[in-house]
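Input: a single structure, listed below in structure tokens.
Values quoted throughout were computed directly from the atomic coordinates according to the rules given, and no laboratory measurement underlies them. These numbers come from a predicted model, not from an experiment. Heads up, the Cβs are rebuilt from the backbone with ideal geometry, glycines too, and the neighbour counts pull from every protein chain shown.
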Amino acid sequence: MRPPPPGRAQRGAALLVAMLILTLVATVAAAMVLHQQRAIAVEAAERARTQAAWLLRGAQDWARLLLRADTERAFPPHAGWARKLEESRLSQFLGADGQAGDEAGLDVFLSGEIDDAQGRYNLRRLVTDDGKPAAAEIAALRRLCEAAGADAGLADRIGTGLAQAWGSRSEAAPVALTRPEQLAWLGIAAPTLALIAPYVTILPTRTALNANTAQAPALLAAVDGLALADAQRIVQTLQREPAGSATALQALLPPPLTLDADRVGVQSRHFEVLGRLRFEEHVLEERWLFERRGSGGGAQVVLLRSARRSRDAAAPPGAALPRQ
């Protein structure tokens, strides 16, 4: 067989080189497009995060305004408290006619609520200043656990664990707890923790329980010798007509019980605020703990701590993951 003419071999080599170059250019172009898409996605996510942070800051300012304006009134809402902001489309806040956000395609919803942090038993009371378990307060927590349907021995486990977390100075000491759900770090099972979680909180300092917003198990812990039936009766009475003074609250106790002003009162200084932002398939929640200091025009609302959570809109609230 005779070899192909030289011109045909050269044309074949040139075609092969052209195909290789075309493949290389297509690969580089595809990589550039993918890189550009990723950059756009990152920029959009960062812009959304920044916008969400500013919107939640607006919810925080809303709560500060309410807390500062109502310093002379006892919590809860018989005094005119607006405790909850129902979910509203953001366009309602951006334009008086409610159309500005719709025209811009802004599908964002904002909601929030204020809760009295002193309406629940403060677990900070379980540990004394020298870092030891407070026997009287552990006994009080036992009453709360029993009323909530939990084992009374749970109070001793919590008291001992918190004393180790807050009282020990060694490097092996557990991390200080700031939220009731963190009690799981002490080895408490989730179903058991769920029984007492609605009635307890953890605040930076020892505080008195606000009877006006407390439930019966928490009130039972704050008043020595109080029966569960009497606690339930007092809670129902306070829900209809909150007590404006310690004297009014004392009148509701069966004799010979007396109030301990260090453990129970009728007003609050600590409040938890939840701001929730829903956009597309995502929900961003931020929770703040505020302390209200002073009264009247000189009152200050100080942010003590905050925590942010994000989840899918279809997921239950319990599936939220804390942002570190």
Determine, for 288, 166, the number of other Cβ atoms within 10 Å of each Cβ, and report the residues in order from fewest to most. 166, 288
Table column - 3J(HN,Hα) (Hz), segment 215-222, Karplus curve with 6.51, -1.76, 1.60, x for Gly and Pro: 9, 4, x, 5, 5, 4, 6, 8
Mind checking the full-extension length gain between residue 233 and residue 69? Use 0.36 nm per residue of separation minus the Cα-Cα distance, one decimal, nm. 55.9 nm
Which residues' amide hydrogens lie under 5 Å from the amide hydrogen of residue 305, considering only partners 5 or more residues apart or on another chain, with H built in the peptide plane? 289
Under 12 Å from a point 7 Å along the Cα-to-Cβ line of residue 224: which residues of segment 131-159 have their amide N that close? 135-140
Per residue of segment 203-209, in order, report the coupling 6.51 cos²θ - 1.76 cosθ + 1.60 (Karplus, θ = phi - 60°) as ³J(HN,Hα) in whole Hz, putting x for Gly and Pro. 10, x, 10, 5, 10, 7, 6
The set of residues whose placed amide H lies less than 5 Å from the amide H of residue 134, leaving out same-chain residues fewer than 5 positions away, is 127, 128
If I model a spin label at residue 130 and residue 181 as a point 7 Å from the Cα along the Cα→Cβ vector, what separation in nanometres do I get? 3.7
For segment 120-265: rounded, prolate or oblate by the Cα gyration tensor [a/c cutoff 1.5]: prolate
Phi-based couplings in Hz for segment 145-159 (Karplus 6.51, -1.76, 1.60; Gly and Pro marked x): 4, 5, 5, 8, x, 9, 5, 4, x, 4, 4, 5, 5, 5, x
Treating only the Cβ of Lys, Arg, Asp and Glu as charged (+1, +1, -1, -1), what charge dipole size does segment 120-265 show about its Cα centre? Round to the nearest 20 debye. 180
Most exposed to least, judged by fewest other Cβ atoms within 10 Å, 262, 130, 115 sort to 130, 262, 115
